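The structure appears below as structure tokens.
The values are calculated or read from the model by the stated rules, or taken from the named source; none is laboratory data. In this text the structure is predicted, and so the values were computed from the model without any measurement. Here Cβ is always computed from backbone atoms with ideal geometry, including for glycine, and neighbour counts include all displayed protein chains. Only protein heavy atoms, including side chains, enter the accessible area calculation; ligands, DNA and RNA are left aside. Shrake-Rupley method; radii C 1.70, N 1.55, O 1.52, S 1.80 Å.
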Amino acid sequence: MITSQEIASQPAIWREALTRIPEATELLARPGERVLVIGCGTSAFVAESFAALREAAGLGETDAAYASEPRVWRPYDAVIALTRSGTTTEVADALRAVPAGVRTIAVTGVADSPVADLCDDVLLLDFADEESVVQTRFPTTFLILARAALGEDVSALPDQAHAVLEAPLPIDVAPLEHFVYLGTGWTYGLAQEAALKIREAAQAWAESYPLLDYRHGPLAVAGDGSLVWMLGRSDADLADDIRRTGAAVLTATSDPLIELAQAQRLAVAVAELRGLNPDTPRHLTRSIVLD
């Protein structure tokens with residue numbers, strides 16, 4: 001199964017990414033720049049995570065936006081476009097609308113692509129590109145490299161991820177039918193991405209929310225058959241409130257990127273339990289290219 005193989009390959013791919021830190025630092029971490037990060041689908045969620053990380057690192061105001069949602073222009077110094085394939089129509093259209101003089105950077109897995117051709121600079125992650133429709137290692141590879149470029153020591157994560165991915169999943173998926181992922185700060189983007197994996201691979205009911213906002217309405221549908229997974233920071237009081245509904249709760253035991261890789265594995269496990277092939281998700285293609 002291609003998707004499972006690509007999930008398992010992440011520790012090795014992350015090691016390769018960490019050899020590219022100087023290049024990534026030059027492109028992603030120029031201090032003082034006001035930056036817009038755009039993408040669609042998985043890349044939009046990753047854009048949210050990266051924007052939160054970059055701004056928290058003190059490098060300058062950083063916004064994230066869906067490439068498919070045109071917005072009133074603000075005076076950005078640079079636009080970073082995230083697209084695995086480099087062919088996503090909405091991303092290319094958004095780049096064509098960027099005013100002259102604004103630096104544009106593509107983060108992609110394909111060098112010879114429309115988006116790469118439209119940008120001033122390219123951070124090429126072709127070694128992390130995927131055959132699968134469902135993205136797994138490409139977004140996590142970008143984020144581990146981005147975190148390193150922003151000054152975080154992530155050198156231990158590949159070995160830690162290898163150990164976690166070799167172990168059994170931390171929960172039996174058989175009784176589960178409802179999946180909720182919670183995050184805070186930069187991990188809210190990861191929570192959205194984890195929920196998307198379940199929807200794509202397993203056609204299952206999945207939601208995502210900011211951690212403490214879960215009490216504000218969504219808790220009402222938790223119950224037997226629900227799994228609520230806190231990515232990154234956990235909250236013990238909230239976990240107790242959720243358990244009282246009958247739902248299962250997972251709290252973070254690893255780095256958030258490793259937790260996301262585990263969520264990818266869980267999505268595959270749910271798909272297999274339902275007799276689905278995550279390599280061929282219903283109604284989806286590797287890239288959205290419009291006429």
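About the Cα centre, and with charges only on the beta carbon of Lys, Arg (+1) and Asp, Glu (-1), how big is the dipole of region 183-291? Nearest 20 debye, please.
220
Quick check: from the Cα gyration tensor, does region 20-62 come out rounded (a/c under 1.5), prolate or oblate?
oblate
Among all helices in the chain defined by DSSP H, which have a length of 24 Å or more along the axis from Cα atoms plus a Kyte-Doolittle mean of at least 0.5?
256-273
First compute the accessible area of the chain with a 1.4 Å probe, then give the percent of it belonging to carbon and sulfur atoms.
51
Fully extended, how many nm does the chain gain between A97 and V72 (0.36 nm per residue separation, minus their Cα-Cα distance)?
Gain in length upon complete extension: 7.9 nm.
Roughly what would the spin-label model give for T245 and H162, points 7 Å off Cα along C-beta, in nm?
Once both label points are built, they end up 3.9 nm from each other.
In whole Hz, with x marking every Gly and Pro, tabulate ³J(HN,Hα) for region 245-252 from phi via Karplus 6.51 cos²θ - 1.76 cosθ + 1.60, θ = phi - 60°.
7, x, 6, 7, 10, 10, 10, 5
Can you sort T108, T251, T19 by 1.4 Å-probe accessible area, starting with the largest?
Values: T108 0, T251 55, T19 90 Å².
The ranking, largest first, comes out as T19, T251, T108.
Ignoring trypsin sites (Lys or Arg not before Pro) that are buried or in helix or strand per DSSP, and keeping those with at most 10 other beta carbon atoms within 10 Å, what is the longest stretch of the chain between them? All intermediate terms of the calculation are to be shown ahead of the outcome.
Numbers: sites that count: R244, R282.
Value returned for the longest uninterrupted segment is 1-243.
Which shape class applies to region 1-102: rounded if a/c is under 1.5, otherwise prolate when a/b exceeds b/c and oblate if not, where a ≥ b ≥ c are the square roots of the Cα gyration tensor eigenvalues?
Here region 1-102 falls in the oblate category.
What do you get for GluC sites (Glu not before Pro) in region 72-176 restricted to DSSP loop and a cutoff of at most 13 other Cβ within 10 Å of the site's Cβ?
Qualifying residues, ordered by number: E131, E152.
So with the 1.4 Å probe, I'd like the accessible area per residue for the chain, rounded to whole Å².
Working: 11970 Å² over 291 residues.
Solvent-accessible surface per residue comes out at 41 Å².
Could you tell me the extents of region 114-266's C-alpha atoms along the three principal axes, largest first, rounded to whole Å?
In descending order, the Cα extents are 52, 32, 32 Å.
Need one word for region 195-264: rounded, prolate or oblate. Basis is the Cα gyration tensor (sqrt eigenvalues a ≥ b ≥ c); a/c below 1.5 gives rounded, then a/b vs b/c decides.
In terms of gyration-tensor shape, oblate.
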